[in-house]
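The values are calculated or read from the model by the stated rules, or taken from the named source; none is laboratory data. These figures come from a predicted structure and were not determined experimentally. Cβ: placed from backbone, ideal geometry, glycine included. Neighbour counts: every protein chain shown. We work out accessible area using only protein heavy atoms, side chains counted, and drop any ligands, DNA or RNA first. Shrake-Rupley method; radii C 1.70, N 1.55, O 1.52, S 1.80 Å.
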Amino acid sequence: MTKLVESIEFEPEAHTRPFWEAARADRFEMPYCDSCSRFHFYPRPLCPHCGGFALVWRGAAREARIVALTTVYRAPSPVFEADVPYTLGIAQTLVGPCLFGRIIGGGETFVGMAVRIDFEHSPGEDRVVFRPHAPPE
Amino acid sequence: MAWDAVIVGIGESDLGRVPGVSSLQLMAQAARAALDDCGLRMADIDGLITTPLRLRPMNPPATLLASAFGLSPAWQSTMDLAGASGTAMVHQAAMAIQTGQCTSVLCVGGQNLLSHGSRSTAVQAMAQSGVAHSEFELPHGPLVASLYALVASQHMARFGTTAEQMAEVAVAFRANAAFNPKAHKRELISIADVVASRPITSPLKLLDCSLVSDGAAAFIVTANNPAKDLNQTGVSILGVGYGQRSGYIGETDELVTTGAKESGARAFRGAGLTPDEIDVAELYDCFTITVIVELEDLGFCPKGEGGRFVEGGRLRYDGAFPTTTHGGLLSCAHPGIAGGMFHVVQAVRQLRGAAGAVQVEGAETALVHGNGGVISTHCTIILGAEHTV
């Protein structure tokens with residue numbers, strides 16, 4: 001068997017590293033194309049919308065909406081066994097791109113729920129989390 | 001336009017739990033069965049396609065197989081479109097023949113996914129196989145099933161699809177598998193059994209998920225006028241299409257419409273057929289929701305209607321739209337990337353009129369669909385019985 005990963009640590013790639021550096025400083029940034037004025041995510045080597053290379057990292061609003069979710073009852077590997085059950089989701093940001101993360105904070109979870117994009121920091125590890133967030137009426 | 005290449009031989013190894021047999025031995029069994037089926041010898045094979053094995057590092061699999069089988073192929077390829085590899089192999093073998101590279105291509109793949117380690121290590125290996133993004137998804141702990149569960153959650157929220165409707169797919173494919181003597185799981189199950197099975201990653205339960213199996217499949221594609229007399233008449237390739245809309249699942253907000261829409265439309269255009277002219281479908285079924293989305297995207301029912309479409313046993317061998325009549329990944333076998341090859345093998349059986357108890361009477365057209373990654377990359381092929389050409 002190819003060596004199975006027993007930890008959730010990873011080494012960022014050159015084109016993703018700025019995301020994690022910003023996250024460590026509690027800033028939410030995504031790649032932004034100066035040619036076509038659009039954000040994208042996950043980070044890519046060029047703009048997936050226009051093919052341009054004029055990419056910069058830019059802060060974006062943290063408000064997002066859950067478009068899909070699942071609660072995991074069977075851990076994929078021993079490292080996650082203590083966590084089950086946990087809820088994962090895809091959240092769409094106000095500027096379009098989506099992110100994958102854990103939904104935390106308890107309470108009811110559902111497709112369409114409003115969340116705020118946040119980070120959890122622990123030694124050697126930063127993770128995107130989604131917290132339930134009541135949008136202003 | 002039919003291609004100048006036909007599928008002439010099909011074969012499978014022992015399937016299910018096959019302890020003490022290596023991946024190479026399983027593939028050798030399947031290759032031998034396909035050669036015997038059509039009356040070719042290994043020495044007649046001058047082209048070879050296989051899929052990667054993800055259990056251990058190795059030489060490029062096609063080169064490894066060529067030397068293991070004593071072949072010196074004029075053309076070979078190790079192709080990886082994940083679950084779409086089975087259908088894409090048919091097309092790529094036909095292209096190699098049509099462009100004059102070779103005349104008889106052995107397509108073979110499979111592995112001892114279950115007996116190599118354990119079910120748990122296989123589940124872990126698949127979760128870590130690259131299907132989840134290594135930085136933005138994998139560290140959160142998704143199973144492969146979790147990534148498809150996301151699709152199911154959006155389908156349910158948008159269209160009112162129910163757990164019971166998804167269960168219909170598993171129940172129908174098990175009913176089909178009950179007649180397949182090689183199938184890994186043959187005991188009949190009910191909708192209640194599926195819904196009450198162990199929750200894995202909501203809304204998917206254990207019986208919504210495909211198996212972990214040992215096994216290999218093979219088929220042989222030859223020029224339309226082979227050099228020697230064969231035991232079988234060829235099954236024709238009428239249309240082929242590929243499609244891809246997304247890569248990683250976490251990058252998209254549109255989870256319920258996939259590249260199967262384009263792959264299907266291209267295959268139908270090539271074949272000059274419409275969905276209502278398909279007699280039997282062999283759809284990739286890694287999870288029950290996969291089949292529901294494919295039925296919609298391939299045009300067998302409108303978007304959002306897949307749940308209602310599968311109700312009442314419609315996909316059973318004796319239902320209104322017989323689908324995945326060998327039992328599929330849910331009930332026949334899922335040994336990894338090669339899992340979609342069994343769908344091709346069964347489509348050939350149906351078009352030969354040799355599918356036994358699950359034979360669709362008078363089947364002249366079959367659509368086979370492969371889905372790779374998490375609803376990412378798709379290849380649809382439409383096959384025809386010999387006399388339809």
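Classify the range B:243-324 as rounded, prolate or oblate, taking a ≥ b ≥ c as the square roots of the eigenvalues of its Cα gyration tensor: rounded when a/c is under 1.5, otherwise prolate if a/b is larger than b/c and oblate if not. Note, shape of the range B:243-324 comes out oblate. Taking amide H as placed 1.01 Å from N in the peptide plane, B:Q111 has its amide H under 5 Å from the amide H of B:G215, each at least 5 places away in sequence or on another chain.
Cβ-Cβ distance of A:R131 and B:T257, R₀ of 22 Å, FRET efficiency by 1/(1 + (r/R0)^6): the value works out to about 0.15. The overall shape of the range B:312-354 is oblate: from the C-alpha gyration tensor, with semi-axes ordered a ≥ b ≥ c, the ratio a/c is 1.5 or greater and a/b is no larger than b/c. Each residue of the range B:126-134 is assigned a 3J(HN,Hα), and the resulting list reads 5, 4, 9, 7, x, 5, 9, 4, 5 Hz, derived from the Karplus form 6.51 cos²θ - 1.76 cosθ + 1.60 (θ = phi - 60°), x at Gly and Pro. What shape does chain A have by the C-alpha gyration tensor, where a ≥ b ≥ c are the square roots of the eigenvalues, rounded means a/c under 1.5, and otherwise prolate means a/b greater than b/c and oblate the rest? It comes out oblate by the Cα gyration axes.
Close amide H pairs (under 5 Å, H built 1.01 Å from N) link B:K205 with B:I200, residues at least 5 positions away or on another chain. Please tell me which of these pairs span more than 26 angstrom C-alpha to C-alpha: B:K182/B:K228; B:K205/B:K303; B:K182/B:K261? B:K182/B:K228; B:K182/B:K261, as the Cα separations exceed 26 Å there. Build a GNM of chain B with springs between Cα atoms under 10 Å apart, and of B:G373, B:G264, B:G336 the one that fluctuates most is B:G373.
So if R0 is 30 Å, what FRET efficiency would B:A74 and B:R32 give, r being the distance between their Cβ atoms, rounded to the nearest 0.05? Efficiency computed from Cβ-Cβ geometry: 0.90. Residues of the range B:139-164 whose accessible area (probe 1.4 Å, heavy atoms of protein chains only) drops by at least 10 Å² once all protein chains are present, relative to their chain alone: B:P139, B:H140, B:G141, B:P142, B:L143, B:S146, B:L150, B:S153, B:Q154, B:A157.
Here the range B:303-378 is assigned +1 on the Cβ of each Lys and Arg and -1 on the Cβ of each Asp and Glu. Its dipole about the Cα centre then comes out at about 100 debye.
Across every pair of non-identical alpha carbons in chain B, the mean reciprocal distance, once inverted, gives a Kirkwood radius of 20.3 Å.
Here r is the Cβ-Cβ distance between B:N225 and B:E277 and R0 is 22 Å; the resulting FRET efficiency, rounded to 0.05, is 0.25. With both labels modelled 7 Å from their Cα along Cα-to-Cβ, the B:K303 to A:S35 distance reads 2.9 nm. For the protein assembly as shown, adding -39500 (n - 2.57) for each run of n ≥ 4 DSSP H residues and dividing by the number of residues yields -7500 deg cm²/dmol at 222 nm. Association of chains B and A removes close to 3400 square angstrom of accessible area from solvent, both sides included, for a probe radius of 1.4 Å. Comparing A:E29, A:E13, A:E120 in a Gaussian network model of chain A, where Cα atoms under 10 Å apart are tied by springs, the biggest mean-square fluctuation is seen for A:E13.
Across A:D34, A:D126, B:D253, B:D229, the residue with the most accessible area heads the list, and the full order at a 1.4 Å probe is B:D229, A:D34, B:D253, A:D126.
A Stokes-Einstein calculation at 10 °C with viscosity 1.306 mPa s, built on the Kirkwood radius of the protein assembly as shown over Cα pairs, returns a diffusion coefficient of 67 µm²/s. The angle between the Cα long axis of helix B:260-271 and the main principal axis of chain B comes to about 40°, on a 0 to 90 degree scale. When nucleic acids and ligands are ignored and a 1.4 Å probe is applied, A:Y73 ends up with an accessible area of around 110 Å².
In degrees between 0 and 90, to the nearest 10, how far off the longest principal axis of chain B does helix B:85-98 point, with axes built from Cα atoms? Value to nearest ten degrees: 30. Cross-link candidates for B:K185: which aspartates and glutamates have Cα within less than 17 Å, leaving aside residues fewer than 8 places away along the same chain? By straight Cα distance, B:K185 reaches B:E12, B:D14, B:E168, B:D193, B:D208, B:D214, B:D285. DSSP beta bridges fully contained in chain B are about 75 percent antiparallel.
For B:T252, no residue whose modelled amide H falls within less than 5 Å of its own remains once neighbours fewer than 5 places apart on the same chain are excluded. Return one number: the angle in degrees, 0 to 90 and rounded to the nearest 10, between the long axis of the Cα atoms of helix B:163-177 and the longest principal axis of the Cα atoms of chain B. The two axes meet at around 30 degrees.
Contact residues in the range A:98-137 by the 30 Å² criterion (accessible area, 1.4 Å probe, full protein complex versus chain alone): A:C98, A:F100, A:V111, A:R127. Per atom type, the range A:4-137 shows carbon and sulfur on 51% of its accessible surface, probed at 1.4 Å. Each Lys or Arg adds one and each Asp or Glu takes one away; over the other residues whose Cβ falls under 12 Å from the Cβ of B:L230, this sums to -3.
Stretched out straight at 0.36 nm per residue, the stretch from B:A43 to B:S134 would grow longer than its current Cα-Cα span by 28.4 nm.
Note on chain A: GNM, Cα springs under 10 Å; of A:P12, A:P123, A:P43, the largest mean-square fluctuation is that of A:P123. Dipole check for the protein assembly as shown: with +1 at the C-beta of Lys and Arg, -1 at the C-beta of Asp and Glu, and the Cα centre as origin, the magnitude is about 360 Debye.
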